[in-house]
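> Dropping a structure here in structure tokens format, bear with me for questions.
The values are calculated or read from the model by the stated rules, or taken from the named source; none is laboratory data. Because the structure is a prediction, the values reported are computed rather than measured. Cβ: placed from backbone, ideal geometry, glycine included. Neighbour counts: every protein chain shown. The accessibility values were calculated without ligands, DNA or RNA, using every heavy atom of the protein model including side chains. Shrake-Rupley method; radii C 1.70, N 1.55, O 1.52, S 1.80 Å.
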Amino acid sequence: MKKYKIKVNGKTYEVELESVEESKTVASAPVAEVKKEAAAPAPAASGDEKQIVAPLQGTVVAVKVKVGDTVKKGQAVAVIEAMKLENDVASPFDGVVTSIVVSKGASVSNKDVLMTVK
């Protein structure tokens, strides 16, 4: 182990650092895996159904369409809040909404399926 003095905001701290090569006798513990909350399974897209996915991680604050609604390319179909900013999710294609996987208040990750359009 090596001792160092570090100055942070005018205060001096003494720290000890251990080199990985020095600690050959210490068994390293496995890194805990982060478990992702199980999301509702996305319906399998059949035939010409296309999926609209979340462009970023956040919370769904609004779903602006219903099953059966016709959507145009570029139309806002949902709103996701991320870091206190609300982001419209636009449909990348024209079609009719066949299923909606998320609801208001749901947490989504990047690339999670929000809805399918045929």
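> Pop out the carbon and sulfur fraction of the accessible area of region 44-118 as a percent, whole number, probe 1.4 Å.
Roughly 50 percent of what the probe reaches on region 44-118 is carbon or sulfur.
> Right, something else. Using amide H atoms built 1.01 Å from N in the peptide plane, name the residues 5+ places from V101, or on other chains, whose amide H lies under 5 Å from its own.
Sorted by chain and number, the residues that satisfy this are M115, T116.
> Measuring with a 1.4 Å probe in the full set of protein chains, what accessible area per residue, in whole Å², belongs to region 68-118?
Per-residue accessible area for region 68-118 comes out at 55 Å².
> For region 45-107, what is the charge dipole size about the Cα centre, in debye to the nearest 20, if Lys and Arg each add +1 at the Cβ and Asp and Glu each add -1 at the Cβ?
Dipole size: approximately 100 debye.
> Another question, if that's okay. Enumerate the amide H contacts of N87 below 5 Å, restricted to partners 5 or more residues apart or on another chain; note that Pro and chain-start residues carry no placed amide H.
Under 5 Å from the amide H of N87 lie the amide H atoms of I80, E81, A82, each far enough along the sequence or on another chain.
> Spelling out what I want: for every residue of region 3-10, take phi, set θ = phi - 60°, compute 6.51 cos²θ - 1.76 cosθ + 1.60 (Karplus), and round to whole Hz; glycine and proline get x.
Ordered by residue, 3J(HN,Hα) equals 9, 9, 10, 10, 10, 10, 6, x Hz.
> Go through K50/K73; K73/K104; K72/K104; K50/K111 and tell me which ones have a Cα-Cα distance over 19 Å in this structure.
Result: K73/K104; K72/K104 exceed 19 Å.
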